[in-house]
């Protein structure tokens, strides 16, 4: 499972003249059926996994061993839309935030490519990406394009989290139980405490599929805001610090490696990041105008991005949970 990573920016060429403006991009159209096919496949995989999530949610922590999903019942799959619609809304708004910002700055970019993930991948999707196919005109444009996605996704994830937790319930844990424990970002923990207060050691929140999708949305937001290379956080860091952002990238990459010793959940993400740094280099591609300075409003938005990272982050997203053994 990895976050919705944007494709690397086009490489820098020495004959690119610095400019804060550029003519409208001449879009190179990807065939519509490619977007439609990937979206349809992702709807199917997330709906199927959502149906399973709802099935296990309805059983609670002490299921009947003889029970099994109603594979032939349409209602079984329709319940999967609680999860599928929520996660696709979060991912779609995240990528459309980037896309709209690209259009505003006349940067050629594709529509979102949704990435389906077949069972048994619990999320049903590997995220979504857009591909930026022209140079970024300035650091201001880079900042706005980078931060627009996390903010757009976050604005959907927060109300989805509140509603999803309201639809959840507190169930008693059996004496012997084996399952997955989800790490609780600060935002998740705060909303859960407001709704349910302090829970005893013998109880736990049985998370509704909509809440699960919102939880995944928080994790996606945190991963994308890591200030590494060409993640959203890397775009923001370069817009703020220019070439000096390479030090931020190196420190954060080392922190990501350290996280793999805290939780194996970060192993795939870290391997992808390190691989991208080796493949494309640790330096962020420059914009056509790197001399422009950030205004105070964008500096406050950068602070907000840091706060989003803090409240959406958890050091151990998914761990095996065992009691009574």
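The values are calculated or read from the model by the stated rules, or taken from the named source; none is laboratory data. Worth saying up front: this structure is predicted, and the values here are computed from it rather than measured. Cβ sites come from the backbone with ideal geometry, for glycine too, and all protein chains shown count toward neighbours.
On the given criteria, is residue 217 touching a residue at least 24 places away in the same chain (Cβ under 8 Å), more than 13 Å from the chain's Cα centre (by Cα) and either over 30 Å from residue 60 (Cα atoms) or buried (at least 21 other Cβ atoms within 10 Å of the Cβ) (or both)?
Details: touching a residue at least 24 places away in the same chain (Cβ under 8 Å): yes; more than 13 Å from the chain's Cα centre (by Cα): no; either over 30 Å from residue 60 (Cα atoms) or buried (at least 21 other Cβ atoms within 10 Å of the Cβ) (or both): yes.
Judged against the criteria, residue 217 is not a match.
Regarding residue 211, is this residue part of a helix (DSSP H, G or I), modelled with pLDDT of 95 or more and out of contact with any helix residue (DSSP H, G or I) (no Cβ under 7 Å at 6 or more places or on another chain)?
Numbers: part of a helix (DSSP H, G or I): yes; modelled with pLDDT of 95 or more: yes; out of contact with any helix residue (DSSP H, G or I) (no Cβ under 7 Å at 6 or more places or on another chain): no.
It is false that residue 211 is part of a helix (DSSP H, G or I), modelled with pLDDT of 95 or more and out of contact with any helix residue (DSSP H, G or I) (no Cβ under 7 Å at 6 or more places or on another chain).
In a helix (DSSP H, G or I) and touching a strand residue (DSSP E or B) at 6+ places or on another chain (Cβ under 6 Å): is that true of residue 265 in this structure? Let's see the steps before the verdict.
Values: in a helix (DSSP H, G or I): yes; touching a strand residue (DSSP E or B) at 6+ places or on another chain (Cβ under 6 Å): yes.
It is true that residue 265 is in a helix (DSSP H, G or I) and touching a strand residue (DSSP E or B) at 6+ places or on another chain (Cβ under 6 Å).
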Boolean, residue 317 is modelled with pLDDT under 95, in contact with a helix residue (DSSP H, G or I) (Cβ under 8 Å, 6 or more places away or on another chain) and buried (at least 16 other Cβ atoms within 10 Å of the Cβ): yes
Given (1) under 18 Å from residue 312 (Cα atoms); (2) in contact with a helix residue (DSSP H, G or I) (Cβ under 9 Å, 6 or more places away or on another chain); (3) modelled with pLDDT of 95 or more, number of the condition residue 195 does not satisfy: (1)
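Answer yes or no: is there a residue in the stretch 230-239 that is under 14 Å from the mean Cα position of the chain (by Cα), at negative phi and outside any helix (DSSP H, G or I). Give the derivation first.
Kept after step one, since they are under 14 Å from the mean Cα position of the chain (by Cα), are these residues of the stretch 230-239: 231-233.
Filter again for at negative phi, leaving 231-233.
Checking which are outside any helix (DSSP H, G or I) leaves us with 231.
Looking through the stretch 230-239, at least one residue is under 14 Å from the mean Cα position of the chain (by Cα), at negative phi and outside any helix (DSSP H, G or I).
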Residues of the stretch 246-269 that turn out to be crowded, with 17+ Cβ neighbours inside 10 Å and either under 22 Å from the mean Cα position of the chain (by Cα) or touching a residue at least 40 places away in the same chain (Cβ under 8 Å) (or both), as a count: 9
Residue ranges of strands (runs of 3 or more DSSP E) in the stretch 106-193 with at least 2 members under 28 Å from residue 206 (Cα atoms), within 16 Å of the chain's Cα centre (by Cα) and touching a residue at least 24 places away in the same chain (Cβ under 8 Å): 113-116, 125-129
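Between 288, 277, which is in contact (Cβ under 8 Å) with a residue 12 or more places away in the chain, surrounded by 13 or more Cβ atoms within 10 Å (Cβ to Cβ), out of contact with any helix residue (DSSP H, G or I) (no Cβ under 6 Å at 6 or more places or on another chain) and part of a helix (DSSP H, G or I)?
Working: 288 fails: part of a helix (DSSP H, G or I).
The match here is 277.
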